[in-house]
Each structure stands twice: as C-alpha cells, then as structure tokens.
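Student: Pasting a structure below so you can have a look.
The values are calculated or read from the model by the stated rules, or taken from the named source; none is laboratory data. Note that the structure is a prediction, hence the values are computed from the model and not measured. Cβ coordinates were reconstructed from backbone atoms using ideal geometry, including for glycine residues, and neighbour counts include every protein chain displayed. Ligands, DNA and RNA are stripped out before the accessible areas are found, and what is left, the full protein with its side chains, is counted by its heavy atoms. Shrake-Rupley method; radii C 1.70, N 1.55, O 1.52, S 1.80 Å.
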Amino acid sequence: GKTDGIIFAYDKKTGELKWKSPVVAAGSWGPITENEINSQKQLCVWGKDGLWGLSPSDGSKFWMIPWKTAYDCQATSPLIRNNTIFITSGYNTGCQAFKINGTGAKPLWGKNKVIASCNSDPVEKDGYVYCFSGNGDSGALKCLELKTGRQKWEDKKIGNGTIILTGDKLVCFIIMEL
C-alpha cells in the first residue's frame, strides 16, 4: 500500500518505529549511504526528484540536490569526499559535483555527460573519478578530474561494468563478453 514516506528508522532491539521521513518521494533504486559531511554524520538518499541529505538521528533534511532522470532512475551511490559530492545517472543524464555547506549544495561545475552511469558506482583516487559510463552493454571506462569535471581519458574497448579501487589499481568486472 501507499505510505507517507520512504525512509524509516527502527529500533534494532524492539522493532519500534523511531522516525520516518516523508520529505523524500519514492522513485529510485539507489542505496542509502551513511557518510560524514562537514564533520557531521548524514544519510544520503536518492529520491524521485534528487539526492537528499538527512539526519540519521531523526530524519530531518540537511540539504537536497535536484536531479531528474529518465524513468526516475538513480541507481548509483554518490561519491563523497569531505564536503564534495559527485553524482551520476544513466539514460543520457550525466554527472555533476557539488560542495555541501550546511543546508545547501553549490555546484562545483555544470552538469556534463563525461560520465553518465546507469549502474556503476564511481570511485576516486587523488582527485580523479573513475567510472563506467553508459547503459546496458554499451559504454566506456572513463576518468574525470573531480574539481573541474573535465575528462582525462576513456577506454571504449571494454564496454560496461562495475569498478573498485584497490591500492593504485582499478579492478573492473565487465558485464559483456569481449
């Protein structure tokens, strides 16, 4: 049935509902993440209309970044470094980075389509973001500079997949046969 919220917090020992946050409209597949932003624990939650920063203690809103995609599909985890958030979505949406300052989000650079990831979570090392860009079996592994949004390189030979960073190496799982 229909609920008046999509984020619910329960006491793990009793199962008692502690709070619910009706400010976020349903319509996303992205996971909830807990992060420290500006020295404060925050939940980052994809909703139908964008990314929300919520208090883990009571569900209150810290900030919201408007972000619309085709099919209301935000399936990737945001990449968070200190008070900078990088977000990306597929279906030709693109990517953008923001600085979070208290209750607002200020763009570092304008939305671009250097990375438009349908389901690959971005990783960061030394100020560079690495991510697969594309939908389904078409795509490319790309690198962009976090502070400018400019593309550094891309590899279209390996298609699409997921990625992790281990040490100084990018380890990729490819979802199509070469």
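Student: Could you state how much accessible area Glu154 has, in square angstrom rounded to the nearest 10, with a 1.4 Å probe and all protein chains kept in place?
Tutor: 80 Å²
Student: Also, I was wondering about something else. Find the accessible area per residue for region 54-178; the probe is 1.4 Å, ligands and nucleic acids are left out, and the unit is Å².
Tutor: Details: 6170 Å² over 125 residues.
That works out to 49 Å² for each residue.
Student: Between (1) 122; (2) 156; (3) 140, which entry matches volume of the Cα convex hull per residue in Å³ as derived from the coordinates of this structure?
Tutor: Step by step, volume of the Cα convex hull per residue in Å³ for this structure corresponds to label (3).
Student: Counting trypsin sites (Lys or Arg not before Pro) as exposed when in a DSSP loop with at most 12 other beta carbons within 10 Å, what is the longest stretch of the chain free of them?
Tutor: Working: sites that count: Lys2, Lys12, Lys13, Lys68, Lys113, Lys147, Arg150, Lys156, Lys157.
Within the chain, the longest run free of exposed trypsin sites (Lys or Arg not before Pro) spans 14-67.
Student: Just the number, please: carbon plus sulfur as a percent of the accessible area of the chain, 1.4 Å probe, no ligands or DNA/RNA counted.
Tutor: So the carbon and sulfur contribution to the accessible surface is 50 percent.
Student: Using the structure shown, list the pairs from Lys41/Lys125; Lys61/Lys156; Lys61/Lys147; Lys18/Lys48; Lys12/Lys147; Lys20/Lys169 with a Cα-Cα distance above 30 Å, or answer none.
Tutor: Lys61/Lys156; Lys12/Lys147; Lys20/Lys169
Student: Ok, one more. Quick one: among Gly94, Gly149, Gly167, which has the greatest mean-square fluctuation in a GNM of the chain with alpha-carbon springs under 10 angstrom?
Tutor: Gly167
Student: Among Gly15, Gly161, Gly53, which one shows the biggest mean-square fluctuation in a GNM of the chain, springs joining Cα atoms closer than 10 Å?
Tutor: Most flexible of the set in this elastic network: Gly15.
Student: Also, quick follow-up: Ignoring ligands, DNA and RNA, how do Ile174, Ile37 rank by accessible area with a 1.4 Å probe, largest first?
Tutor: The residues order as Ile174, Ile37, largest area first.
Student: Report Asp58's accessible area, 1.4 Å probe, all protein chains in place, as a number in Å² to the nearest 10.
Tutor: The accessible area comes out at roughly 80 Å².
Student: Name the long-range amide H neighbours of Trp67: under 5 Å, sequence gap of 5 or more, or other chain; modelled H, no Pro or chain starts.
Tutor: Gly50, Leu51
Student: Assuming R0 = 30 Å, what is the FRET efficiency of Lys111 and Lys61, from their Cβ-Cβ distance, to the nearest 0.05?
Tutor: The formula returns an efficiency of 0.85 here.
Student: With each pseudo-label sitting 7 Å past Cα toward Cβ, what's the Glu34-Lys18 distance in nm, one decimal?
Tutor: 0.8 nm
Student: Once the whole set of protein chains is in place, how much accessible area is left on Cys118, using a 1.4 Å probe, in Å² to the nearest 10?
Tutor: Answer for Cys118: close to 20 Å² accessible.
Student: Does region 1-103 classify as rounded, prolate or oblate by the C-alpha gyration tensor (a ≥ b ≥ c root eigenvalues; a/c under 1.5 gives rounded; else a/b over b/c gives prolate, otherwise oblate)?
Tutor: Judged from the Cα gyration tensor, region 1-103 comes out oblate (a/c at least 1.5, b/c at or above a/b).
Student: Ok, one more. To the nearest 0.05, what FRET efficiency results for Glu154 and Lys48 with a Förster distance of 30 Å applied to their C-beta separation?
Tutor: With R0 = 30 Å, the Cβ-Cβ based efficiency is 0.50.
Student: Whole-Hz Karplus ³J(HN,Hα) for region 97-102, in order, using 6.51 cos²θ - 1.76 cosθ + 1.60 and θ = phi - 60°, x for Gly and Pro?
Tutor: Computed from phi, the couplings for region 97-102 are 10, 9, 9, 9, 9, x Hz.
Student: With unit charges on the beta carbons (Lys and Arg positive, Asp and Glu negative) and the dipole taken about the Cα centre of region 52-168, which residue among Gly167, Gly134, Gly104 sits farthest to the positive side?
Tutor: Farthest towards the positive end: Gly104.
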